[in-house]
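Participant: Below are the structure tokens for one structure; questions will follow.
Nothing in this text is a laboratory measurement; each read-out follows from the coordinates by a stated rule. If you're wondering where the values come from, they're calculated on a predicted model, not measured in any experiment. Note that each Cβ is placed from the backbone with ideal geometry, even for glycine, and that neighbours are counted across all protein chains shown.
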Amino acid sequence: MLNNDIKVKILDFIKLNENMCSCMDISKELKINRVTLIKYLSVLESEGLINYKEIGMAKVWFLQKNNMLNNFQNGNGKQLREMLNLIGEGVCITDNNNKIVWMNKIAKINYCKKDDYVGGSCCEVFNCGDLCIKGDIKKILSEKGIYKFECEVKDGSKIRNIASPLIDNNEVVGSIRVMLS
């Protein structure tokens, strides 16, 4: 079992050093054995909190952006997904490119006609007017905050939607939509 205090220290150190730290930098500063540190870094990476770039022979570690979306993409955030599955309305999470990241069970059953919706354009599944025509969901949502609109699903029926920006580290990273029946 990994020590949570050490995980927090590693994350804080990476954040304080402008998000670019080598394993050797972290090891020296925090006085953690490099082999032990690599285990912690691997776990933090698998949790979607950090990532790395290979520069020469070294891995340079940085904080992962868009933790909110990673909760849906990487299987983290199980409690949040379970809670959204209990809502009696369809819920859809999209990224800034209007690609579907996740949908709850109600949205899949009632509004989605294909199984491979994740990663596809929201406009391929729904016709959402301005969001599809203009295509810049980040701009639309950051200007309007909560955005109400109607979508046409593949069978031609219309559904009311409320969308709100997903904000992570003061940056719009996508949207959450509630589809009202």
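Participant: Given 0.36 nm per residue, what is the gain on full extension from Lys39 to Asn4 after removing their alpha carbon distance, in nm?
Facilitator: Numbers: separation 35, 0.36 × 35 = 12.60 nm, distance 1.29 nm.
Taking 0.36 nm per residue and subtracting the Cα distance, the gain is 11.3 nm.
Participant: So, one more: At 0.36 nm per residue, minus the direct Cα-Cα distance, what do Ile87 and Cys123 gain on full extension? Give it in nm, one decimal, please.
Facilitator: Numbers: separation 36, 0.36 × 36 = 12.96 nm, distance 2.31 nm.
Going from the current span to full extension adds 10.6 nm.
Participant: Let me ask something additional. Report ³J(HN,Hα) in whole Hz for each residue of region 83-91, in order, from the Karplus equation J = 6.51 cos²θ - 1.76 cosθ + 1.60 where θ = phi - 60°; Gly and Pro get x.
Facilitator: Coupling constants for region 83-91: 5, 5, 6, 7, 5, x, 10, x, 10 Hz.
Participant: I need the peptides 50-59, 88-97 ranked by packing, meaning the mean over residues of other C-beta atoms within 10 angstrom, with the highest value on top.
Facilitator: Numbers: 50-59: 12.3, 88-97: 19.5.
Highest-to-lowest ranking by the protection proxy: 88-97, 50-59.
Participant: Given region 4-63, what whole percent of its Cα pairs are spread farther than 18 Å? Working shown, then result.
Facilitator: On the way: 338 of 1770 pairs.
Summing the P(r) of region 4-63 above 18 Å gives 19 percent of all pairs.
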